[in-house]
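The values are calculated or read from the model by the stated rules, or taken from the named source; none is laboratory data. These numbers were taken from a predicted model, which means no experiment stands behind them. Cβ placement follows ideal geometry from the backbone for every residue including glycine, while neighbour counts extend to all protein chains displayed. When the accessible area is computed, the model is the full protein with side chains, heavy atoms only, and any ligands, DNA or RNA have been set aside. Shrake-Rupley method; radii C 1.70, N 1.55, O 1.52, S 1.80 Å.
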Amino acid sequence: MKQLNFTFVGNPDNAVAMAAYMKNKFEFLGLKSGDRKEQSKLFVKKSRQVNIATLQAWIEELYQRTEREYHYLAIDLAEKNVKRWTFADIVTFKQFITQKSWWDSVDHWTSVFGQYIKLHPEQKEKIFTLFFKSSNMWERRVAITLQLKEKDQVDTGMLTAAILFDQFTDEFFIQKAIGWALRQYSKFNPGWVLQFLNEHQLSNLADREGSKYL
């Protein structure tokens, strides 16, 4: 297994503001997205050549580091190698939803899962079931927003189930996710979303977000 030997060169001038934006939940090196991706470009390219066990170990190690940029890099590795994953790998990645959780990492991981189900549509329900009805609200946010990239291929049964399970949950990040999922699907099936909004009582936030393009 190839040892992980990678470090970012931070920019302290940005670090304080970036930490404050994330409610000071994490330490930052001060690398904005573009700089982070530029510094890690060759490393990410290299990740496509290593074996799966090594890659999994790299992702795990990066996620255990203190600074938030390393967590982002771990997810970047998962995303750039999405074609190499199996269902078992996705199950392994599930653990990271409840580690160092905040909307930035959770939504980035959800993007990885969303790309995976586009490649493996026959596994969509299995992926959804990993998160649906979880006792952890971040995992339920994944269930709600899992299909954001599905365009007109959204399984409305899954979407309905995920939304109604949290219909009355008094949690900003859940209600925001409900509105986000409905808003995105309204681009492809506005009639269905309008009917859903008319037939179900949602929070003001979810309703406002969900109806934005209607």
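Given the condition in contact with a Ser or Thr (Cβ under 9 Å, 6 or more places away or on another chain), open to solvent by less than 10 Å² (accessible area, probe 1.4 Å), assigned to a helix (DSSP H, G or I) and on the phi < 0 side of the Ramachandran plot, answer yes or no: does some residue in region 183-190 qualify? Before the answer, list the steps.
We begin by selecting, within region 183-190, every residue in contact with a Ser or Thr (Cβ under 9 Å, 6 or more places away or on another chain); these are 183-186, 189.
Cutting the leftovers down to open to solvent by less than 10 Å² (accessible area, probe 1.4 Å) gives us 186.
Okay, now just the ones that are also assigned to a helix (DSSP H, G or I), so 186.
Now narrow it down to the ones that are on the phi < 0 side of the Ramachandran plot: 186.
Looking for residues that are in contact with a Ser or Thr (Cβ under 9 Å, 6 or more places away or on another chain), open to solvent by less than 10 Å² (accessible area, probe 1.4 Å), assigned to a helix (DSSP H, G or I) and on the phi < 0 side of the Ramachandran plot, one finds at least one in region 183-190, hence yes.
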- [ ] Just name the residue that is least open to solvent (accessible area, probe 1.4 Å) out of those in region 193-214 that are in contact (Cβ under 8 Å) with a residue 24 or more places away in the chain and over 19 Å from E171 (Cα atoms).
- [x] F196
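Do we have any residue at all in region 34-55 that's of a type in the set (A, V, I, L, M), touching a residue at least 60 places away in the same chain (Cβ under 8 Å) and out of contact with any Pro (no Cβ under 7 Å at 6 or more places or on another chain)? Explain how you work it out, then say what you get.
First, the residues of region 34-55 that are of a type in the set (A, V, I, L, M): 42, 44, 50, 52-53, 55.
So of that shortlist, the ones also touching a residue at least 60 places away in the same chain (Cβ under 8 Å) come out as none.
Scanning region 34-55 turns up no residue that is of a type in the set (A, V, I, L, M), touching a residue at least 60 places away in the same chain (Cβ under 8 Å) and out of contact with any Pro (no Cβ under 7 Å at 6 or more places or on another chain).
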Open item on the list: Looking only at region 137-157, how many residues end up being free of Cβ contacts under 8 Å to residues at least 24 places away in the same chain and more than 10 Å from T110 (Cα to Cα)?
Closed with: 1
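Considering only residues that are under 27 Å from R65 (Cβ atoms), out of contact with any Lys or Arg (no Cβ under 7 Å at 6 or more places or on another chain) and either modelled with pLDDT under 95 or open to solvent by less than 30 Å² (accessible area, probe 1.4 Å) (or both), which ones fall in region 128-139?
Within region 128-139, W138, E139 qualify.
Restricting attention to region 171-180, which residues are farther than 14 Å from R208 by Cβ and either in a helix (DSSP H, G or I) or open to solvent by 60 Å² or more (accessible area, probe 1.4 Å) (or both)? Walk me through it before giving the result.
In the first step, residues of region 171-180 are kept if they are farther than 14 Å from R208 by Cβ; the result is 171, 173-174.
Selection gives F173, I174.
Give me the helices (runs of 4 or more DSSP H) completely within region 1-116, filtered to those with at least 2 residues that are under 19 Å from the mean Cα position of the chain (by Cα) and crowded, with 19+ Cβ neighbours inside 10 Å, ordered by residue number.
On the way: elements: 12-21, 33-47, 52-64, 68-80, 87-93.
Where helices (runs of 4 or more DSSP H) fall fully within region 1-116 and carry at least 2 residues being under 19 Å from the mean Cα position of the chain (by Cα) and crowded, with 19+ Cβ neighbours inside 10 Å, they are 52-64, 68-80, 87-93.
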